[in-house]
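These notes are about the structure you will find just below.
The values are calculated or read from the model by the stated rules, or taken from the named source; none is laboratory data. Quick caveat: nothing in here was measured; it's all calculated off a predicted structure. All Cβ positions, even for glycine, are placed from backbone atoms using ideal geometry, and neighbour counts span all protein chains on display. Side chains are part of the model used for accessible areas, which takes the heavy atoms of the whole protein and leaves out ligands, DNA and RNA. Shrake-Rupley method; radii C 1.70, N 1.55, O 1.52, S 1.80 Å.
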Amino acid sequence: DRNDLVLEAARVHPTRFAAMGRIALDAPESQALLTTWKQQPGMKGVRLTFHREHHRRWLFDGTADWFWAAAERARLPVMIYVPGSVAKVESIARRYPGLRLILDHLALGVHAKGNVAFVELADVCRLARYPNVAAKASALPCHSTLPYPFRDLHPHIRRVYDSFGPERMFWGTDWTRLPCTWREAVTLFTEELPWLSESDKAWIMGRGLCEWLQWRECGSAS
């Protein structure tokens, strides 16, 4: 929730860090904040999480309803974590076609492992029909029952790739809870999935996300 900490990192290292800021959906003052949200240097969008029950209710009780139209008007990309509520995202994507949505962690439940973790993946892949929806393939090693290279994940990754394509499938880590090293989280995609071309890897490992967020500084130092 520390937007200030991430924005300071973005200020010091603008080619390496940017912020998807947190905002309180239930706070009346939040509605006014969105109109100038991207005027904060380094701020690229908003990240919302609905995996805890009191937050999940906001998707259905009207608390979050104001946000989608406001974010669309402000041209703010939104990362959204919705395990157990993927169907709700479909109605949002359909109603607000100018709102760019990224499904965090493929909407997998926090503690689920093995095939049971992917019970909603068909619903996630169905959202690929909406051009304003992308998928973040992050935290995946957390859901494997096997050691690196996590071969039980490979078919699920391929399914997402076949649905969204490399341009709308973004790599990520959720670093603080990974059961593997950072390098293994990277090489899972760059070395262990032979069906990915070099162009695919470039899109998945950064180019797609940078373009989706309009992060023009991203990679400019390389």
In the chain, what cysteines have no partner Cβ closer than 4.7 Å?
Cys125, Cys142, Cys180
Can you divide the C-alpha Rg of region 1-87 by 2.2 N^0.38 Å and report the result to two decimal places?
1.12
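Suppose every Lys and Arg Cβ carries +1 and every Asp and Glu Cβ carries -1, with no other charges. What dipole size does the chain come out with about its Cα centre, to the nearest 20 debye? Could the numbers behind the result be given before it?
Numbers: 29 positive and 24 negative charges, 55 e Å.
The dipole magnitude comes to about 260 debye.
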Per residue, what accessible area does region 46-94 have, given a 1.4 Å probe and all protein chains present, in Å²?
42 Å²
Between Glu211 and Val110, the FRET efficiency computed from the C-beta separation at R0 = 25 Å comes out, to the nearest 0.05, as 0.30
In region 11-86, taking the dipole from +1 charges on Lys and Arg beta carbons and -1 charges on Asp and Glu beta carbons about the Cα centre, the listed residue (His13, Gly42, Ala64) farthest towards the positive end is His13
Order by protection proxy (mean Cβ within 10 Å, highest first), peptides 182-191, 165-174
165-174, 182-191
Quick check: the distance between the Cα centres of region 159-191 and region 24-63, to the nearest angstrom?
26 Å
Using only Cα atoms, what is the ratio of the radius of gyration of region 87-222 to 2.2 N^0.38 Å?
1.02
Rounded to the nearest 10, the angle in degrees between the Cα long axis of helix 154-164 and the longest principal axis of the Cα atoms of the chain comes to 50 degrees
Using the Kirkwood radius over Cα pairs, work out the Stokes-Einstein diffusion coefficient for region 1-150 at 10 °C and 1.306 mPa s, in µm²/s as a whole number.
97 µm²/s
If contacts are Cα pairs under 8 angstrom and at least 6 residues apart, what is the relative contact order of the chain in percent?
16 percent
Nearest-0.05 FRET efficiency for Tyr130 and Trp66, computed from C-beta distance (R0 22 Å)
0.55
Per the 1.4 Å probe, what fraction of the accessible area of region 1-87, in percent, lies on carbon and sulfur atoms?
52 percent
Please give the peptides 26-38, 43-55 ranked by average Cβ packing (other Cβ atoms within 10 Å per residue), highest first, as a rough proxy for protection.
43-55, 26-38
